[in-house]
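Participant: My structure is below; once you've seen it, I'll send some questions.
The values are calculated or read from the model by the stated rules, or taken from the named source; none is laboratory data. The structure presented is a predicted model; accordingly, all values stated were derived computationally and were not measured. Counting neighbours? That spans all protein chains shown, and the Cβs are built from the backbone with ideal geometry, glycine included.
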Amino acid sequence: MAKVYAPVKDYTGTSASVGFVNGVGETSDARLLLWFAEHGYTVSKSVLTRLNEAKSESEAKSESEVKKESE
């Protein structure tokens, strides 16, 4: 699970289905981690790096499959 830090340090509640207590939430959902990072929350740089690498690999694989289908 990766920790997500809300922009409001003392926020307690739910955002994007993740519970936060005193500004800290946790999730292992890659899609949500990217969403939080894009919306002003703090997510560990090492986690984001891994997610972006996995996303790039997935997109490259998809493009390669599309090329094969069109040949």
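Participant: Restricting attention to region 6-29, report how many residues are exposed (fewer than 13 other Cβ atoms within 10 Å of the Cβ) and of a type outside the set (A, V, I, L, M, F, W, C).
Facilitator: Within region 6-29, residues that are exposed (fewer than 13 other Cβ atoms within 10 Å of the Cβ) and of a type outside the set (A, V, I, L, M, F, W, C) number 10.
Participant: Is region 52-71 home to any residue that is surrounded by 12 or more Cβ atoms within 10 Å (Cβ to Cβ) and at pLDDT below 95? Give the steps one after another, and end with the answer.
Facilitator: Taking region 52-71 and keeping what is surrounded by 12 or more Cβ atoms within 10 Å (Cβ to Cβ), we get 52, 55.
Now drop any that are not at pLDDT below 95, which leaves 52, 55.
Yes - at least one qualifying residue is present in region 52-71.
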